[in-house]
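A.B. asks: Questions regarding the structure given below will be posed in turn.
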């Protein structure tokens, strides 16, 4: 899922592309609807799509596809930097599509994974405003992993995790913040937990962590079983609002203040969505919202695991109907 000029571009489970405006109206784009794609990505104000072994760009101004390259048949995702240079995530690492060279990190930040021989399917990935490709993994009770690739220097960055324990945090999302890149993580294993953090030049800073906010007298939090199981998060720069999704609903707060207690956040809405029980790497349910992005004017689009996609219009949450 991606957003381009307040339009949400969605990829269905069958590879069909659907485009909706911020009001939830399906846009009639026959040339878009005719293709079957594996991945979508932002490319400035245009959209990239992997269509089989072809890399295509949808030119929004011309309302047409342009073939710009070839792709391996199997990839885990694609992304473009500000120079419109395209990279793919494959089993061999990060692939520079133009040169055909792959880059695999030398080691894993998560020490529980002793040998890194290749990439699997990431939980999420994100190209930031400085042309760095963030790749996040979730291993359930074994935590997560983050690899950050500088697409200009063609090298991985050694992140400083500080108090963000990657061995306890399966990654759910990345998002651009004013001074760095935000990350959300969450786990349901015996109990629920989650963390929001920000990576800047000085390393990771914890924004909110459920373990540090359990049963505290000042906030009168509920029992630990009712703490947020944090999923995807996002930031709306126009309103300076930070959002995260959890089994308790979507919460928001003004970015920049102290957000260490759930009492500093307010619930925006609680969508009625289905949960699928059982997952291979942890006890409990897999996260039922896969991505969340701002559409502007306080609106959000959510991509769910079991119910398709939906838009929060500021007053109500409505599932999209093709």
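The values are calculated or read from the model by the stated rules, or taken from the named source; none is laboratory data. In this text the structure is predicted, and so the values were computed from the model without any measurement. Reconstructed Cβ throughout: ideal geometry from the backbone, glycine too, with neighbour counts over all protein chains shown.
A.B. asks: Pick from 273, 303, 295: which is under 21 Å from residue 8 (Cβ atoms) and at pLDDT below 95?
C.D. replies: Values: 303 fails: at pLDDT below 95; 295 fails: at pLDDT below 95.
Every option except 273 fails the conditions.
A.B. asks: Can you tell me how many residues within the stretch 116-147 are at pLDDT 95 or above, surrounded by fewer than 18 Cβ atoms within 10 Å (Cβ to Cβ) and not in a loop (DSSP other than H, G, I, E, B)?
C.D. replies: Residues that pass the stated criteria total 0.
A.B. asks: I'd like to verify a number: residues in the stretch 148-181 that are free of Cβ contacts under 8 Å to residues at least 60 places away in the same chain, part of a strand (DSSP E or B) and surrounded by fewer than 18 Cβ atoms within 10 Å (Cβ to Cβ), how many?
C.D. replies: 2
A.B. asks: Can you spot a residue in the stretch 179-187 that is over 16 Å from the mean Cα position of the chain (by Cα) and modelled with pLDDT under 95? Walk me through it before giving the result.
C.D. replies: Here is the first cut: in the stretch 179-187, the ones over 16 Å from the mean Cα position of the chain (by Cα) are 179.
From the residues that got through so far, the ones that are modelled with pLDDT under 95 too are 179.
Taking every residue of the stretch 179-187 in turn, at least one turns out to be over 16 Å from the mean Cα position of the chain (by Cα) and modelled with pLDDT under 95.
A.B. asks: Please find, among 152, 169, 158, 240, the residue that is at pLDDT 95 or above and touching a strand residue (DSSP E or B) at 6+ places or on another chain (Cβ under 8 Å).
C.D. replies: Values: 152 fails: touching a strand residue (DSSP E or B) at 6+ places or on another chain (Cβ under 8 Å); 169 fails: at pLDDT 95 or above; 158 fails: touching a strand residue (DSSP E or B) at 6+ places or on another chain (Cβ under 8 Å).
After ruling out the rest, the residue left standing is 240.
A.B. asks: Can you pull out every residue in the stretch 78-95 that is surrounded by fewer than 18 Cβ atoms within 10 Å (Cβ to Cβ) and free of Cβ contacts under 8 Å to residues at least 40 places away in the same chain? Even if it seems obvious, please write down each step before you answer.
C.D. replies: Narrowing the stretch 78-95 to residues surrounded by fewer than 18 Cβ atoms within 10 Å (Cβ to Cβ): 82-85, 91-92.
Correct list: 91, 92.
A.B. asks: Contact list please: Cβ distance under 6 Å, first residue in the stretch 261-275 and in contact (Cβ under 8 Å) with a residue 12 or more places away in the chain, second residue assigned to a loop (DSSP other than H, G, I, E, B) and loosely packed, with under 13 Cβ neighbours inside 10 Å, pairs at least six apart or on different chains.
C.D. replies: Between residues of the stretch 261-275 that are in contact (Cβ under 8 Å) with a residue 12 or more places away in the chain and residues that are assigned to a loop (DSSP other than H, G, I, E, B) and loosely packed, with under 13 Cβ neighbours inside 10 Å, the close pairs are 274/306.
A.B. asks: Quick check: is even one residue across the stretch 182-199 free of Cβ contacts under 8 Å to residues at least 24 places away in the same chain, in contact with a strand residue (DSSP E or B) (Cβ under 7 Å, 6 or more places away or on another chain) and within 25 Å of residue 247 (Cβ to Cβ)? So that I can check it myself, show each step before the final result.
C.D. replies: Going residue by residue through the stretch 182-199, those that are free of Cβ contacts under 8 Å to residues at least 24 places away in the same chain are 198.
Retained after the next criterion (residues that are in contact with a strand residue (DSSP E or B) (Cβ under 7 Å, 6 or more places away or on another chain)): 198.
Filter again for within 25 Å of residue 247 (Cβ to Cβ), leaving 198.
Yes, the stretch 182-199 has at least one match.
A.B. asks: While we're on this one: So, of the residues in the stretch 1-40 that are part of a strand (DSSP E or B) and in contact (Cβ under 8 Å) with a residue 60 or more places away in the chain, which turns out to be surrounded by the fewest Cβ atoms within 10 Å (Cβ to Cβ)? Talk me through it step by step, then tell me what you get.
C.D. replies: Of all residues in the stretch 1-40, those part of a strand (DSSP E or B) come to 2-4, 7-11, 17-20, 26, 39-40.
Imposing the further condition that a residue be in contact (Cβ under 8 Å) with a residue 60 or more places away in the chain reduces the set to 2-3, 8, 10, 18, 20, 26.
Working: 2: 17, 3: 17, 8: 25, 10: 20, 18: 18, 20: 20, 26: 14.
Of everything passing the filter in the stretch 1-40, 26 is surrounded by the fewest Cβ atoms within 10 Å (Cβ to Cβ).
A.B. asks: So, one more: Six or more apart or on different chains, Cβ under 7 Å: which pairs go from a residue in the stretch 225-247 that's on the phi > 0 side of the Ramachandran plot to one that's surrounded by fewer than 20 Cβ atoms within 10 Å (Cβ to Cβ) and not in a loop (DSSP other than H, G, I, E, B)? Could you list them?
C.D. replies: That search, which allows pairs on different chains as well, returns 240/254.
A.B. asks: When residues of the stretch 42-74 are filtered for being free of Cβ contacts under 8 Å to residues at least 40 places away in the same chain and either in contact with a helix residue (DSSP H, G or I) (Cβ under 8 Å, 6 or more places away or on another chain) or crowded, with 17+ Cβ neighbours inside 10 Å (or both), how many remain?
C.D. replies: Taking the stretch 42-74 first, the residues free of Cβ contacts under 8 Å to residues at least 40 places away in the same chain are 48-54, 56-59, 61-74.
This time we only want the ones that are either in contact with a helix residue (DSSP H, G or I) (Cβ under 8 Å, 6 or more places away or on another chain) or crowded, with 17+ Cβ neighbours inside 10 Å (or both), so: 48-51, 56-58, 63-65, 71.
Final tally of qualifying residues: 11.
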